[in-house]
Amino acid sequence: MKTFVGFNYHKTTKRFVAQYKDGQWDSGRMMRKSTVCLSEAACVIQYAQTCFEGLKAYRTKDGHIVCFRLDLNEQRLHDSCERMVIPPIPKEMFFEAVEKVVKANAKWMPSYESGGSLYLRPVVFGKDSVVGVKPAEEFEFRLFATPVGNYFADKVRPLVLRVSDVDRAAPRGTGHIKAGLNYAMSLYAITDAHEKGFDENLYLDPANRTYVEETGGANVLFITKDGTLVTPKSDSILPSITRRSIVTLAKDAGIHVEERRIAISELKDMKECGLCGTAAVISPVGKVKDTQEEYTFSMDDFDNTVLGGLRKKLLGIQHGDISDDHDWIIKVI
Ligand SMILES: *Cc1c(COP(=O)(O)O)cnc(C)c1O
């Protein structure tokens, strides 16, 4: 089978589609059609009423396909929907959609050896026509799958970040939910960062511009010189499931963990830096450039860093190579 590299959309066989109309969700069904037909005035197009999730199905060595902490994706999508005035997807339908989509597209699942996985993208959006500002009354929920490669196969070099001079979220805004609008806010900054030779933007807290928040699509982790894992705490950060899992694994390993505000100036005291999320697992960060300062981290020998060790442990659990002591794995096939 073809090896997929990178993180791109590749159309697979079937997706789950459900409609919300007249105050309720229908039971949904599997469809071959990958396109969506919308009114030009659909609320999602006019006012960005949409939110999504991102999770992976993993191939294990013994041939099963598993998901990781699905309940947390379901809970987070529920929270995102409530904040976006979108009727939440019934819990059972969310789990059913994952199971059906994984089973229907199992042939797209990269092999265990490739280190790839099947990325699942649940998305919900306001469908009916609006001109005046108001939430939609009809919605569509879709869950599709796309094969993704091993992020590390083509990216061994530690990332170089810059501190962004624009914000991705507002204080008391929507930074804590998975809304497409947060990404719309970040497109200008990421394009500009790439043009200037940086891999990602590191965003500061929008109220004070003093504390580190996260990048456009991943949370940040640091290891201090005395071996403490520190990760930012803020109401405008997206609560990454990867980050929460890494924190648990670190505590299991006897690593001291602090979840607190981290001033950008504190980066000079950090030994290691990494980004974490479903797509990146943990990716090493070698440098963060601010207007005046430049912070560097010793991440070249990633496998032998504390964060590299945690990454290996997490991947081991996800691919069934290490015992799943926290019951995080759900067997789909
Ligand atoms: C999805 C996302 C993350 C990572 O969350 P995971 O649950 O670990 O995949 C981090 N930051 C932002 C802004 C995100 O949208």
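Structure above, values below:
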item	result
When the chain is reduced to its Cα atoms, the Kirkwood hydrodynamic radius in Å	20.7 Å
With Cα atoms, 0 to 90° folded angle of helix 306-318 axis to the chain main axis	30 degrees
R0 of 22 Å, Cβ-Cβ distance Phe7-Arg157: FRET efficiency to nearest 0.05	0.85
0 to 90° range, to nearest 10: angle between helix 241-252 axis and the chain longest Cα axis	40 degrees
Nearest 10 degrees, 0 to 90: helix 91-104 Cα axis against the chain principal axis	90 degrees
Segment His64-Arg244, length gained on full extension (0.36 nm per residue, minus Cα span)	62.3 nm
Pairwise centroid distance, computed over Cα atoms, of the range 291-333 with the range 35-60, Å	29 Å
Kirkwood Rh, angstrom, the range 58-170 [1 / mean 1/r, Cα pairs]	17.0 Å
Given 12 as the ceiling on other Cβ atoms within 10 Å, longest exposed-site-free region of the chain for GluC sites (Glu not before Pro) in DSSP loops	114-292
Cα centroid separation - the range 77-104 against the range 200-242, whole Å	27 Å
Chain lengthening between Thr291 and Arg83 when straightened (0.36 nm per residue, less Cα-Cα)	71.4 nm
Helix-derived mean residue ellipticity, 222 nm - over the chain, DSSP H n ≥ 4, -39500 (n - 2.57), to 500	-7000 deg cm²/dmol
Cleavage-rule hits, trypsin sites (Lys or Arg not before Pro), the range 185-282, DSSP coil, Cβ neighbours within 10 Å at most 10	Lys196, Lys225
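Bear in mind these aren't lab numbers, they're just calculated from the coordinates by the rules spelled out. From a predicted model like this one, the values you see are computed outputs, not experimental measurements. Reconstructed Cβ throughout: ideal geometry from the backbone, glycine too, with neighbour counts over all protein chains shown.
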